[in-house]
1. Between R102 and M57, how high is the FRET efficiency from 1/(1 + (r/R0)^6) when r is the Cβ-Cβ distance and R₀ = 35 Å? Nearest 0.05.
2. Taking a probe of 1.4 angstrom, what is the accessible area of T130 in Å², to the nearest 10?
3. Using a Förster distance of 35 angstrom, determine the FRET efficiency expected from the C-beta separation of A91 and D66, and round it to 0.05.
4. Heavy atoms only, 1.4 Å probe, whole protein assembly: order Y121, Y100, Y113 by accessible area, highest first.
5. Tell me whether the stretch 87-135 comes out rounded, prolate or oblate; compute the Cα gyration tensor, take square roots of the eigenvalues as a ≥ b ≥ c, and use a/c under 1.5 as the rounded threshold.
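The values are calculated or read from the model by the stated rules, or taken from the named source; none is laboratory data. Bear in mind that the values here come from a model prediction, so they are computed numbers and not experimental data. All Cβ positions, glycine included, derive from the backbone under ideal geometry; neighbour counts span all protein chains shown. With ligands, DNA and RNA removed, areas are computed over all heavy atoms of the protein, side chains included. Shrake-Rupley method; radii C 1.70, N 1.55, O 1.52, S 1.80 Å.
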Amino acid sequence: MQRFPHWFRIFLFVVLPLADQTFSAATDGIATPATLPKTKNRVKQATSSPFCLTPPMGTRDFYPEDMMGRNWLFSHFRDTARTFGFQEYDAPVLEHSALYTRKAGEEITEQMYCFVDKGGYNVTLRPEMTPSLARM
């Protein structure tokens, strides 16, 4: 039988159930993206009321209790990775759109959040780290 590391067992039996309970308790009685009416145009939905208290679809808020568990888990991930010789890196959340269109073509920009910044550059919100790492 394969033995899992101690941190993984803690994650499975302590962190995940706690995160699930915290998330359900935090959303009881609050409109969430799943409970909002389905519309083709999200802009209409967001502007139909004075303001929206839910985060954009596909995102979530991390309250202090959630961040405590998340930071604990991520610190164990980092420690384990460092033990095996991995090094941490980071990149800006914005990248030049050309970085993505060079490999995947112009149609990829229709699937990402792209815009022209104040300097006149075509930029996109980075959907993942692989192209940024290759650029670095």
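1. 0.75
2. It works out to around 90 Å².
3. Result of the calculation: an efficiency of 0.90.
4. So the residues, ranked largest to smallest area, are Y113, Y121, Y100.
5. oblate
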